[in-house]
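Peer 1: The following block contains the structure, expressed as C-alpha cells.
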Amino acid sequence: MRVTKSRALGRTLSIDFTVAVIVSLAAIFCVSSAAHAQRGAITLPRNLADLSSNAGQIIQGRVVSATVEPDPRYNHLQTLVLTLAVDDVLKGQAPTTFTFREFLWDVRDISDHAGYHLGDEVLLFLNGPTPLGFITPVGLQQGRFRVVKGADGQDYAINANQNSGLFDNVVRSGALNAGKLSAKSRATVQSFQRGPIPLTALKESVHLLVQSPGAVR
Amino acid sequence: MKRTLLCATVLLLSSLAAGAGGPLLVGSPSFGVDGQPFVWNNAQPVQYRVDSGTLGMLSSATATADLANAFAAWTQLPTVALSATNTGPILGVTSGHVATVADFNAVTGSCDSGQQSPMIFDSNGSLFSQLVGDASVIGFTSPCKLSQDGHIVSAMSVFTGGSNLTEQQQDQVMLHELGHFFGLDHSLPGVDPCGTSTADIAALPIMYFQLTSQAGLTSDDKAWISWLYPSATFNSVYGTITGLVLFSDGQSHVQDVLVAAHPAMSGTTAGEDRSQAWSSISGFRFTGNPGQPYTSNYLACTPASACPHGFYGNNADGDSFGSRNAALLGWFEIPILAGTYAVEASSINDGGVIGPNDPIIPLPGPGEYWNAHESATDANFSTIDCTVPRQIDYVTVQAGQVTPNINITLDNTAPTFDIFEGPDTTSSGNATGVHP
C-alpha cells in the first residue's frame, strides 16, 4: 500500500498514513452511524427481548467477505453470501469462520452487498435458516448492529434504527431483570433511549435474556 | 469539494448505497438523469399484474380490490399526474398465482426483463418463510428494471398472508409498498426537541419504515408523490422550501440531515403543529458514494467477478446512483402546502435506512430551528427550554413559489473536516454554488 503521495489532501502524506487517518476519521465519524439493512421493506417493531428470543444464533464477528450472486438453484433470485470471522457466539453455535446466504430483493442492496464491507465488525441476531437455507437478521435492520470504536475507546453497537425502541418494554415487562446486570450496564439500560450503546451493556443484556427462556415483550 | 472527497473516502469504509428521503433512487452522471429521481413514465398508465391467490384472511377478490384502492389513494390525488391499470393476472405461473419459490423465481425473472410488474400475494406466508424466515417482515418492494433515461420500467411488490394482519393493517402495508413501487423512499416527520408527543406520532407518514397506526397518506406522503408526478394543479397547491445545511463554517455542506417543516401555531409553547410534517434529507439528490481511486487494486477477490474490477477495495466507480454535483451535497427541498412553517434540522435517528447514505451519517452538531440570522452560535436543541414558548422564525410559503435560501448553519461543528485541511475556498465547496 505504500505507493504514492496523497494528492487528494494536498499533503505529502504516504498512502499508509492517509489510510490510517481516514480509518481514524471514519471510526470517529461513524461512531454513532447505524448498521446497514435491507431496504424497501416494512417491518414490525422488535425490541431486544424479541431479537434475543427469535434469533437462532447471535454472533459477533468481522466481515471476511461479502458477495452478491444468484442463488444456485433459483437463478433470478439474488443472494448475499456473507462470511464472518467469528469473535463471539452469544446464542446457538457457529464455527470460527461462518458463512451464510441471505435473500436480497432491493436493487440498492444488490448493488452494494447490502451495505456489508470487508472488515466491518458486526453483531448479528440471525433467524434460523429457512427451508431453502437463507438466513436473515431478525427484524432486518433491527437485528443487525455495527460495532464501532467510540472516542472513549469503548466498543459501541448500533443498528439502522439508531437503536430506537431497543429497550422498549424490555425491563418493565420483566423480560430483562436489570438487577442482574453490572452497575454500569444497569445504569445504561435503565436510562437508554436511542443511539449507540456500549457493547458490553448490550451483550450483558443479551446473555441475561438468552438465559431466561420464555422472555416476554 | 473537500467534503466530497472526504465522503468518498469515509464511505469507502461505510457505504455504497444511494437513495433519498423523498425519491427512492436518483440518477447519476452515468445512469438515469443526473440528480433527478427515477420515476415511471406517466404519459401512460403504469401497468401492473395481480396475483390471483388469497392473502391471509382476505379473499382474492378482496385483496385485489384493496390493492386497487391503495393504487387509487396514490394516483387520484388532484396534484398527482399518474394512473395505474391492473392488466390481469400474473404471467408465467399457473392460474396467475405465485405459489412456490420456483414461481417466484420465474416471475422475478420476467420483472427483471421488464415484461411485467407483479403484485404478489403470498397467500399463507410460505414464500416469506422460505425466502426471509422472519415474521416481522410483512412486505417488500423493489424496482426490477430501470432505464438509462431515468424511468422505472418494472417493479414488484410482495405481500404476506402469514403474519395475521387485519385487513386494515394489510391495507396500510399495501399503501406503504406502493409508495416504494412508485419511487418513494422511507420518510420521517422530524425529531421533536422536547420529546416525542402524540402529535409527532400522528405525523408519522405511511412511508415510515414500520407499521404504525397511520391508516392513510399523510401530508408528507401526498407532497412527495405530487413532487414526483406533478399534475397541472401542483403549482396552485404546493410551494417549495429550499436551502442548504452547512457546517459551522457557513460554507461546507452537510449531507444526510433531516430537515422538517411543521405549520406555525402561535400562542402555544411549541409554536408549531407537530401533527403535520413535511420533510427532506439534505443531499438527497447527491450520491452516497462518489467513488475514489486509491484502493482500486486492494485485496483481490475470488472469483474476480464477485467484486467490481476484481478487487474488494475497488471503489473507483462509486455508487450507480446519485449526482456528483457538489452543489447538491447539502441541498434540500421540501414540497409543501402554502402556509407558514417552523423549519428544523435534526439527525435521522429513527426510521431505518433512509437518505443517500447507508449507514446514515449522524448530525455533526445539535439540531436546531432555522432562524433569520443563522450562525454557528445561535440557539439550538441542546439548550432549548421546553417550558417556555419557543422563539421560532417562521418561513412563509406561497403556492407555485420557491422559498429559497433557508440555509441552516449547524452549531458547534468542527471548523473543517479534519486538521489536515485548510479553509475551503473552492467554488464547488461554497454555499453560493449553482443549485438546480
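Peer 1: Quick check, is B:THR4 within 30 Å of B:ILE360 (Cα to Cα), of a type in the set (S, T, N, Q), modelled with pLDDT under 95 and surrounded by 22 or more Cβ atoms within 10 Å (Cβ to Cβ)?
Peer 2: For B:THR4, the condition - within 30 Å of B:ILE360 (Cα to Cα), of a type in the set (S, T, N, Q), modelled with pLDDT under 95 and surrounded by 22 or more Cβ atoms within 10 Å (Cβ to Cβ) - is not met.
Peer 1: Does any residue of region A:199-214 turn out to be in contact with a helix residue (DSSP H, G or I) (Cβ under 7 Å, 6 or more places away or on another chain), not polar (S, T, N, Q) and not in a helix (DSSP H, G or I)?
Peer 2: Within region A:199-214 (the criterion being in contact with a helix residue (DSSP H, G or I) (Cβ under 7 Å, 6 or more places away or on another chain), not polar (S, T, N, Q) and not in a helix (DSSP H, G or I)), the answer is no, since none of the residues qualifies.
Peer 1: Among (1) in contact with a Phe, Trp or Tyr (Cβ under 6 Å, 6 or more places away or on another chain); (2) open to solvent by less than 40 Å² (accessible area, probe 1.4 Å), where does A:ARG108 come up short?
Peer 2: (1)
Peer 1: Within region B:361-414, can you find the residues that are of a type in the set (A, V, I, L, M) and in a loop (DSSP other than H, G, I, E, B)? Spell out how you get there, then give the answer.
Peer 2: Of region B:361-414, the ones of a type in the set (A, V, I, L, M) are B:361, B:363, B:372, B:376, B:379, B:384, B:388, B:392, B:395, B:397, B:399, B:402, B:406, B:408, B:410, B:414.
Listed by number, the residues that qualify are B:ILE361, B:LEU363, B:ALA372, B:ALA376, B:ALA379, B:ILE384, B:VAL388, B:ILE392, B:ALA399, B:ILE406, B:LEU410, B:ALA414.
Peer 1: Right, here's the next one. Name the helices (runs of 4 or more DSSP H) wholly within region A:1-117 that hold at least 3 residues that are modelled with pLDDT of 95 or more?
Peer 2: On the way: elements: A:15-29, A:48-54, A:107-111.
Fully inside region A:1-117 and qualifying: A:48-54.
Peer 1: A follow-up question, please. Output yes when any residue across region A:83-105 is at the interface with chain B (Cβ under 8 Å from one of its Cβ atoms) and open to solvent by less than 10 Å² (accessible area, probe 1.4 Å), and no when none is.
Peer 2: Yes, there is a match, as at least one residue in region A:83-105 is at the interface with chain B (Cβ under 8 Å from one of its Cβ atoms) and open to solvent by less than 10 Å² (accessible area, probe 1.4 Å).
Peer 1: Can you find, within region A:159-169, the residue that is farthest from the chain's Cα centre (by Cα) among those that are buried (at least 20 other Cβ atoms within 10 Å of the Cβ) and over 13 Å from A:GLN193 (Cβ atoms)?
Peer 2: Among them, the one singled out is A:ALA160.
Peer 1: Sticking with this one: Which condition number does B:GLY330 fail, the rest of (1) at pLDDT 90 or above; (2) over 30 Å from B:LEU299 (Cα atoms); (3) of a type outside the set (Ser, Thr, Tyr); (4) surrounded by fewer than 24 Cβ atoms within 10 Å (Cβ to Cβ) being met?
Peer 2: Tallying (1) at pLDDT 90 or above; (2) over 30 Å from B:LEU299 (Cα atoms); (3) of a type outside the set (Ser, Thr, Tyr); (4) surrounded by fewer than 24 Cβ atoms within 10 Å (Cβ to Cβ), B:GLY330 fails exactly one: (4).
Peer 1: Determine if region B:70-86 includes at least one residue that is in a strand (DSSP E or B), within 24 Å of the chain's Cα centre (by Cα) and either modelled with pLDDT of 95 or more or aliphatic (A, V, I, L, M) (or both).
Peer 2: Yes; the residues of region B:70-86 include at least one that is in a strand (DSSP E or B), within 24 Å of the chain's Cα centre (by Cα) and either modelled with pLDDT of 95 or more or aliphatic (A, V, I, L, M) (or both).
Peer 1: A follow-up question, please. Would you say B:GLY271 is out of contact with any Leu (no Cβ under 6 Å at 6 or more places or on another chain) and surrounded by fewer than 24 Cβ atoms within 10 Å (Cβ to Cβ)?
Peer 2: Here the answer is yes, as B:GLY271 does meet what is asked.
Peer 1: Got a sec? Which of B:ILE138, B:ILE120 is at pLDDT below 95, in contact with a helix residue (DSSP H, G or I) (Cβ under 9 Å, 6 or more places away or on another chain) and open to solvent by less than 10 Å² (accessible area, probe 1.4 Å)?
Peer 2: B:ILE138
Peer 1: So for region B:335-351 (the condition being within 18 Å of B:ALA203 (Cβ to Cβ), open to solvent by less than 20 Å² (accessible area, probe 1.4 Å), in contact with a strand residue (DSSP E or B) (Cβ under 6 Å, 6 or more places away or on another chain) and polar (S, T, N, Q)), does at least one residue qualify?
Peer 2: Within region B:335-351, one or more residues are within 18 Å of B:ALA203 (Cβ to Cβ), open to solvent by less than 20 Å² (accessible area, probe 1.4 Å), in contact with a strand residue (DSSP E or B) (Cβ under 6 Å, 6 or more places away or on another chain) and polar (S, T, N, Q).
Peer 1: Go through region B:220-250 residue by residue and tally those that are more than 9 Å from B:ILE334 (Cβ to Cβ), among the aliphatic types (A, V, I, L, M), open to solvent by less than 20 Å² (accessible area, probe 1.4 Å) and not in a helix (DSSP H, G or I).
Peer 2: Count: 3.
Peer 1: How many residues does region B:265-312 hold that are more than 28 Å from the chain's Cα centre (by Cα) and in contact (Cβ under 8 Å) with a residue 40 or more places away in the chain?
Peer 2: The total comes to 4.
Peer 1: Which helices (runs of 4 or more DSSP H) does region B:109-214 wholly contain that include 1 or more residues that are more than 12 Å from chain A (Cβ to nearest Cβ) and hydrophobic (A, V, I, L, M, F, W, C)?
Peer 2: Counting at least 1 such residues, we get B:198-202.
Peer 1: Follow-up question, since we're still on this one. Within region B:319-334, does at least one residue satisfy the condition of being more than 12 Å from every other protein chain (Cβ to nearest Cβ), of a type in the set (Phe, Trp, Tyr) and under 16 Å from the mean Cα position of the chain (by Cα)?
Peer 2: There is at least one residue in region B:319-334 that is more than 12 Å from every other protein chain (Cβ to nearest Cβ), of a type in the set (Phe, Trp, Tyr) and under 16 Å from the mean Cα position of the chain (by Cα).
Peer 1: Further, regarding this structure: Test B:SER110 against the stated conditions and say whether it is open to solvent by less than 50 Å² (accessible area, probe 1.4 Å) and among the polar types (S, T, N, Q).
Peer 2: Yes; evaluated as a whole, the condition is true for this residue.
Peer 1: Any idea which of (1) touching a His at 6+ places or on another chain (Cβ under 8 Å); (2) over 20 Å from B:VAL402 (Cα atoms) is the one B:ALA327 doesn't satisfy?
Peer 2: Condition (2) is where B:ALA327 drops out.
Peer 1: Please specify each residue of region B:59-98 satisfying the condition of being under 18 Å from B:ASP220 (Cα atoms) and of a type in the set (Ser, Thr, Tyr).
Peer 2: The answer is B:THR75, B:THR79.
Peer 1: Follow-up question, since we're still on this one. So A:TYR156 clears everything in (1) outside any strand (DSSP E or B); (2) within 17 Å of A:LEU123 (Cβ to Cβ) except one condition, right? Which one?
Peer 2: A:TYR156 satisfies every listed condition except (1).
Peer 1: If I filter region B:71-78 for residues that are more than 22 Å from B:HIS176 (Cβ to Cβ), more than 14 Å from chain A (Cβ to nearest Cβ) and touching a strand residue (DSSP E or B) at 6+ places or on another chain (Cβ under 9 Å), do I get at least one hit?
Peer 2: no
Peer 1: Which one is nearest to B:VAL26 (Cα to Cα), of the residues in region B:307-327 that are assigned to a helix (DSSP H, G or I) and open to solvent by 20 Å² or more (accessible area, probe 1.4 Å)?
Peer 2: The selected residue is B:PRO308.
The values are calculated or read from the model by the stated rules, or taken from the named source; none is laboratory data. Because the structure is a prediction, the values reported are computed rather than measured. Backbone-built Cβ (ideal geometry, glycine too); neighbour counts: all protein chains shown. Note: accessible area is taken over every heavy atom of the protein model, side chains too, but ligands, DNA and RNA are not part of it. Shrake-Rupley method; radii C 1.70, N 1.55, O 1.52, S 1.80 Å.
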